[in-house]
Each structure stands twice: as C-alpha cells, then as structure tokens.
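Taking it in order: structure first as structure tokens, then the write-up.
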Amino acid sequence: MAEQRPQPHKTDTGGSKKKDPEGGFDDTPVPHAPPGYTVKFTFHRANNLPLADINTFSADPFIVAQLSTALPPRHREDPALTLRTPTIRQNTDPIWDCEWIVANVPASGFNLKCRIYDEDPADHDDRLGNVHVTAASINQNWAGIHEQAYPIKKRMVSKRAYALRAVAVCLGKAHHMDGTLTVSVEVLAKTEDENGGRVYTVGPQFWIRHYSPLLGRLLGQKEPNNEGRVSRRNGKQKPQKYNFQSNQMQLKGPVPEAMYHRYVEFKPFVKSMFTAQGVRGFILSKALHHQHARVYNFDSATEFKVIPSPCQEFTQKFLELVHFDQGGRMFTYVLTLDALFRFTETGKEFGIDLLSKHTMHSDVAAYVAFSGEFFIRRLKHKDRAPPEEGGNDNSHPPTDTDGGPPEKEAKKDPANYELIIDNDSGTYRPNAKLLPQLKEFFSANFPGLQIRTLDCQGEAEKMEAMKHEQRERKKREGEAVVYTQLSRTSSMSSSDEEELDRLEEQGEMDQRHLRHEVQREAEARVDAIKFHAKEFNPMSHHEGWTGNGRAVGQEGEGVDSQNTERHVGTESGAKS
C-alpha cells in the first residue's frame with residue numbers, strides 16, 4: 001500500500017486561503033526504481049599518509065566517504081549520502097575497520113569517493129588524499145572487493161602535508177611518498193523495499209558527543225565534577241570545567257518517505273543564503289557553515305562510539321546524552337534525510353541565538369526530514385498509560401516524583417522516561433500530520449522509551465504550558481547543572497582559559513548572572529573592533545588588519561554571524 005502523504009500546508013486568513021511562503025512540506029515523491037542491494041563498505045586502514053603535524057611528524061586522519069549512484073534525487077539540492085569515520089590520533093598508518101551498511105544500491109553500481117583528512121580543530125582540516133572505489137554493476141552473485149589497497153591520489157590535497165612527508169623521507173623518518181587506502185565492499189542481500197528509489201544508511205548505529213570548552217565558557221555551562229577531582233597544589237576539589245555539549249546519533253534508516261521539508265523562503269535573501277548565491281548569500285552561508293563546524297567540532301575530546309543496531313543500550317545512551325530528566329533541559333534538534341539526529345541544549349538563558357537555529361544544526365541543508373524541539377520527563381509509573389490515553393500516570397514535571405535527579409541517581413530503565421518532541425521550527429515548518437510517523441520512527445530507534453508528540457500550532461497552548469513547566473523546573477533545579485562565569489578579556493585563548501580556571505580555583509571570581517556576562521563580552525568585542533577601526537591603518541601598519549596573529553575580521557565575523565542569526569529569527573516571525 002502506498003504511503004499516504006499530507007497535503008502542502010496552507011493558512012486560512014480572513015476567510016480566504018493564502019499560500020504560505022514557499023518551502024516547508026514538499027510532496028515530491030521518491031522516483032520509483034526496483035529494489036536495489038544492501039551493501040557493506042568497510043574502511044580497513046591506510047598506509048604512508050602525509051605528515052600534517054610538524055611537531056609530531058604524524059597526522060590525525062579520518063575519512064569522509066561519499067556514495068554516488070545512478071538513482072535520480074528528488075531534488076538537485078538533496079545532500080549526498082556521506083559517512084565520517086572516527087579519527088585515529090597521531091598515526092600515519094591508521095586502522096579504522098569502520099563499517100557502513102547502505103540499502104538500495106542499484107544494480108548499475110556505485111562510485112565511492114573517499115576523502116582522507118587530517119583533523120585540526122584550531123584550523124581547517126587538511127586533505128591528505130582521495131581514493132575512488134567504483135563498480136560498474138552489482139548483483140547477489142557479485143564477487144565483491146576484499147581488502148583491496150587503492151593508491152591515494154595527490155590531487156587537491158595539502159601541499160604542506162606532502163612537503164613535510166618529503167622532509168621526513170629525507171631525514172629517514174619515513175620510507176616513501178606513496179600511500180594506500182584498503183577497502184572492502186560486500187553485497188549482503190537484496191533490499192526488501194517496495195520502492196528502491198533512494199539509498200540510505202541502515203547501520204551500524206553510532207553516537208558522537210562533541211565538547212566545546214570555549215562555547216561552554218561563553219554560555220557559562222560546566223560539566224559536573226562527579227569524580228571528585230582534587231588539586232595537587234592545594235588539596236581542594238577542582239572546579240567544574242566549562243564545557244558545552246552537542247550530539248549526533250545515526251539512527252536506523254530509512255526515515256519515512258513523506259518526511260521531506262525544504263527551507264521556508266520567508267524573505268528573499270533566505271534562498272540566496274541556502275544556495276550561497278550572490279555576495280550576501282555567500283557570506284551568510286559561509287558564516288552558518290562556520291557556526292555549525294564550531295558547535296559540532298571534532299577534536300581529541302570528542303566521543304565516538306558504535307552500536308550494531310537499535311537496542312536498549314542505544315536508548316540508554318540517548319538518555320545519558322540528554323542527562324535523563326535532570327535540570328529541566330530543553331533541546332533543539334534536526335533529523336536529516338539519512339536519519340542523522342543532531343541536537344543541543346537550548347534556552348533563553350544561554351543568550352546565543354544560533355543554538356536554537358535549525359539552519360545551523362542542519363549545516364544549511366536545503367532539505368531535512370524533520371526538525372523542532374524536545375525534552376525528557378520522568379514518569380512515576382512506567383507501566384501505566386499516559387493521561388492523553390486515559391491512563392493515570394504522573395510525570396516530573398509538573399508533579400514531583402521520586403527516583404531521579406537531582407536528589408537521587410537517575411533510573412536507567414528507559415521505560416521510566418518520556419520523550420516529548422514537537423515540530424516547532426520556522427526554518428523548515430514540518431507538517432504536523434507527519435508527527436505520528438515521527439513517533440513510530442523514534443519508537444523503533446529508541447526501544448523502551450515512551451514517545452509523545454506535540455503540534456506547535458494545533459496544540460500550541462498545551463505545548464507552551466509544558467515548556468513553561470520545564471523552564472520553571474530549570475529555575476528550581478538548574479543551578480545544579482548550569483553555572484555562570486566572569487570574562488576578564490574580550491577574546492579567549494587557551495592561556496586565558498587556564499588563567500580563568502586558576503582564578504576560579506582560588507575563589508577570586510564572582511558568580512554573576514549569565515545575561516550580564518554575555519552583555520559584557522559583547523560590549524568588549526564591539527569596543528575592540530571600534531578601536532582597531534579607529535587606530536589601525538592597513539596601509540601603514542605592518543600587520544594590517546590581522547592584529548597580533550588573529551584576524552580582526554574573524555572576531556567581527558563571529559559578531560556579525562550572531563546578528564545575522566537574530567535577524568533571520570526576527571524576520572521569520574517564528575522559532576527556527
């Protein structure tokens with residue numbers, strides 16, 4: 001039976017129907033094709049990679065794999081199917097053994113492009129080489145590819161990295177210049193789909209937890225010192241470290257076919273921003289990509305774990321990433337077309353608008369599956385039906401229930417918790433008629449977790465009441481999980497963070513309200529820019545506008561990009 005698709009959203013104003021701005025739900029069907037094959041790609045290892053770090057004569061390599069087939073996309077702006085492997089630290093002969101299982105690869109074959117990068121959190125990632133793995137046709141009797149070593153192509157790669165490799169060869173630190181990437185490809189079975197018109201990730205499932213100490217310091221958010229770490233110098237307990245957390249979870253695809261939403265063109269400049277057309281659109285798009293890269297930043301502290309398939313452990317990890325029901329937290333999320341679930345904590349107390357912008361979370365993707373906000377509540381009786389189904393089961397909030405934070409350790413059984421998720425996104429305006437499919441999809445990926453959906457328009461009053469209860473709860477409990485800080489400088493470096501940690505450890509830093517600190521930080525940045533604009537002449541000053549090793553334009557870009565986000569949110573008239 002064909003899946004029933006909701007009609008495009010229209011608004012009734014004054015008795016006459018008026019079309020909303022272009023965008024939102026898109027009813028374009030997936031082009032029909034016979035079912036393809038489920039294929040497992042395995043990225044085993046690489047050898048003799050270029051040296052990207054002159055200090056260690058090594059690299060921190062990872063692979064970004066992009067799969068292309070002859071299947072036509074629903075829209076030319078649909079993102080490519082990609083996978084990022086974990087990073088192997090300080091190794092030019094890395095071993096990943098990373099698997100990627102993809103469904104509906106057509107019989108006409110595929111082209112797998114593997115770009116190898118060196119991870120550099122402080123700068124752009126250097127490309128170390130490319131490898132193409134192709135198959136002109138596949139079937140269930142296809143022999144496959146078994147641990148074949150492909151030479152790494154040197155086109156469009158970091159010249160600095162290969163220059164370091166040449167120096168290492170001359171010094172006897174490396175043997176030769178040519179590297180290889182070893183890959184396997186195996187057809188597992190025929191994909192059991194009625195329509196094979198789209199490829200998608202089946203598994204394995206993985207979760208990624210990103211940390212940003214600098215963003216955490218700006219937001220005033222710390223990770224608790226649950227381990228009771230003690231300073232060796234004075235014997236006192238160490239202060240909590242500033243850290244902001246963002247998360248990604250690869251769910252089991254496919255997302256329901258009807259979940260297909262395009263950005264809403266509520267203003268003419270929005271299209272240029274998503275397509276990077278024109279000077280203004282290019283600048284806005286570049287700023288948003290930069291913000292996404294900063295929030296979902298990969299570095300040595302990033303946690304990357306693989307779980308074979310949806311299971312209780314996967315659900316428990318999700319609850320851990322959102323800190324169970326602790327502190328009245330609320331989250332902004334985006335679900336991509338390939339079932340990648342991205343989310344961060346959000347809220348007015350953070351004072352930074354980009355964290356609530358679905359444009360940033362989607363990495364300026366023209367199309368996503370779904371987006372909105374969610375939060376977690378703890379149930380008093382895990383076996384009772386919820387009130388909307390005629391049951392008698394209280395949740396926290398609004399009712400205080402036992403068996404959870406902050407007084408006690410959180411219960412681990414997912415059945416004790418309820419995920420309340422909505423479609424509150426002005427950027428993509430997800431169709432409320434698809435909420436039952438969203439619930440079914442999340443129930444399949446998070447076994448044991450109870451799911452409730454809310455329509456941001458049809459159930460606006462109920463949704464706002466529940467979010468108000470969350471905010472009130474955060475006021476009561478949030479002091480245990482969200483902290484503030486005092487910024488003494490207009491810009492942050494690693495040495496600045498160490499100094500602030502030292503001052504805080506010695507008790508010399510006041511605890512102020514975050515709103516005051518964000519205002520102080522913003523005013524300091526504006527003053528610094530004005531000072532440079534007034535005092536420095538790029539024609540006469542030997543450093544021009546670059547300052548002391550840091551471009552003033554970079555600081556200005558951060559301020560401008562935040563203002564851009566506020567402008568976008570204001571123009572939309574809706575939370576994005």
Item checked: Tally, over segment 80-118, of residues that are touching a Ser or Thr at 6+ places or on another chain (Cβ under 8 Å), more than 19 Å from Ala33 (Cβ to Cβ), part of a loop (DSSP other than H, G, I, E, B) and in contact (Cβ under 8 Å) with a residue 60 or more places away in the chain -> 3
Note to self: What's the total number of residues in segment 102-127 that are surrounded by fewer than 19 Cβ atoms within 10 Å (Cβ to Cβ), within 30 Å of Asp27 (Cβ to Cβ) and among the hydrophobic types (A, V, I, L, M, F, W, C)?
What the structure shows: 1
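A quick yes/no check of all residues on (1) open to solvent by 40 Å² or more (accessible area, probe 1.4 Å); (2) at pLDDT below 85:
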{"position": "Met1", "(1), (2)": "yes, yes"}
{"position": "Pro8", "(1), (2)": "yes, yes"}
{"position": "Ala52", "(1), (2)": "no, yes"}
{"position": "Pro79", "(1), (2)": "yes, no"}
{"position": "Trp96", "(1), (2)": "no, no"}
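Condition check: modelled with pLDDT under 95, in a helix (DSSP H, G or I) and basic (Lys, Arg). Does Arg452 satisfy that?
Details: modelled with pLDDT under 95: yes; in a helix (DSSP H, G or I): no; basic (Lys, Arg): yes.
Considered against the rule, which asks whether it is modelled with pLDDT under 95, in a helix (DSSP H, G or I) and basic (Lys, Arg), Arg452 comes out as no.
Can you name every residue in segment 176-205 that is among the hydrophobic types (A, V, I, L, M, F, W, C), modelled with pLDDT of 90 or more and surrounded by fewer than 16 Cβ atoms within 10 Å (Cβ to Cβ)? Full working, then the answer.
In the first step, residues of segment 176-205 are kept if they are among the hydrophobic types (A, V, I, L, M, F, W, C); the result is 177, 181, 183, 185, 187-189, 199, 202.
Next cut, modelled with pLDDT of 90 or more only: 181, 183, 185, 187-189, 199, 202.
Within segment 176-205, Leu188, Ala189 qualify.
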Notebook entry, point to check: Among the residues of segment 452-466, which ones are buried (at least 19 other Cβ atoms within 10 Å of the Cβ) and either on the phi > 0 side of the Ramachandran plot or under 24 Å from the mean Cα position of the chain (by Cα) (or both)?
Noted result: Thr453, Leu454, Cys456
Item checked: Cβ pairs under 9 Å, 6+ apart, first in segment 434-458 and touching a residue at least 24 places away in the same chain (Cβ under 8 Å), second among the small types (Gly, Ala, Ser) and part of a strand (DSSP E or B) -> Leu438/Gly372; Leu454/Gly372; Cys456/Gly372
Notebook entry, point to check: In segment 438-449, what residues are outside any loop (DSSP other than H, G, I, E, B) and surrounded by 20 or more Cβ atoms within 10 Å (Cβ to Cβ)?
Noted result: Leu438, Phe441, Phe442, Asn445
Check: What is the one condition in (1) surrounded by fewer than 19 Cβ atoms within 10 Å (Cβ to Cβ); (2) more than 20 Å from the chain's Cα centre (by Cα) that Lys286 does not satisfy?
Finding: (2)
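Take Phe370 and tell me if it is open to solvent by less than 30 Å² (accessible area, probe 1.4 Å), closer than 30 Å to Ala103 by Cα, modelled with pLDDT of 65 or more and among the aromatic types (Phe, Trp, Tyr). Reasoning before the result, please.
Values: open to solvent by less than 30 Å² (accessible area, probe 1.4 Å): yes; closer than 30 Å to Ala103 by Cα: yes; modelled with pLDDT of 65 or more: yes; among the aromatic types (Phe, Trp, Tyr): yes.
So Phe370 passes the test.
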Next item on the list: Considering only segment 31-79, state which residues are assigned to a strand (DSSP E or B) and either of a type in the set (Phe, Trp, Tyr) or more than 17 Å from Gln250 (Cβ to Cβ) (or both).
Entry: Tyr37, Phe41, Phe43, His44, Arg45, Ala46, Asn47, Asp53, Ser58, Pro61, Phe62, Ser68
Notebook entry, point to check: Can you find even one residue in segment 302-312 that is touching a residue at least 12 places away in the same chain (Cβ under 8 Å) and crowded, with 20+ Cβ neighbours inside 10 Å?
Noted result: no
Notebook entry, point to check: Given the residues Asn130, Asn141, which is the only one that is assigned to a loop (DSSP other than H, G, I, E, B), polar (S, T, N, Q) and either in contact (Cβ under 8 Å) with a residue 24 or more places away in the chain or surrounded by fewer than 19 Cβ atoms within 10 Å (Cβ to Cβ) (or both)?
Noted result: Asn141
Check: Which of the following residues is modelled with pLDDT of 90 or more and either on the phi > 0 side of the Ramachandran plot or among the acidic types (Asp, Glu) (or both): Glu265, Glu257?
Finding: Glu257
Check: Being assigned by the TED database to the domain that holds Val264, in contact with a Lys or Arg (Cβ under 8 Å, 6 or more places away or on another chain), surrounded by fewer than 23 Cβ atoms within 10 Å (Cβ to Cβ) and at pLDDT 90 or above, is that true of even one residue in segment 396-418?
Finding: yes
Margin query: Of the conditions (1) within 30 Å of Tyr417 (Cα to Cα); (2) open to solvent by 50 Å² or more (accessible area, probe 1.4 Å), Gly328 satisfies every one except a single condition; which number is it?
Written below: (2)
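The values are calculated or read from the model by the stated rules, or taken from the named source; none is laboratory data. All of these numbers come straight from a predicted model, not from anything done at the bench. For neighbour counting, all protein chains shown are included, and Cβ atoms are generated from backbone atoms with ideal geometry for every residue, glycine included. The area values use the complete protein model at the heavy-atom level, side chains included, leaving out ligands, DNA and RNA. Shrake-Rupley method; radii C 1.70, N 1.55, O 1.52, S 1.80 Å.
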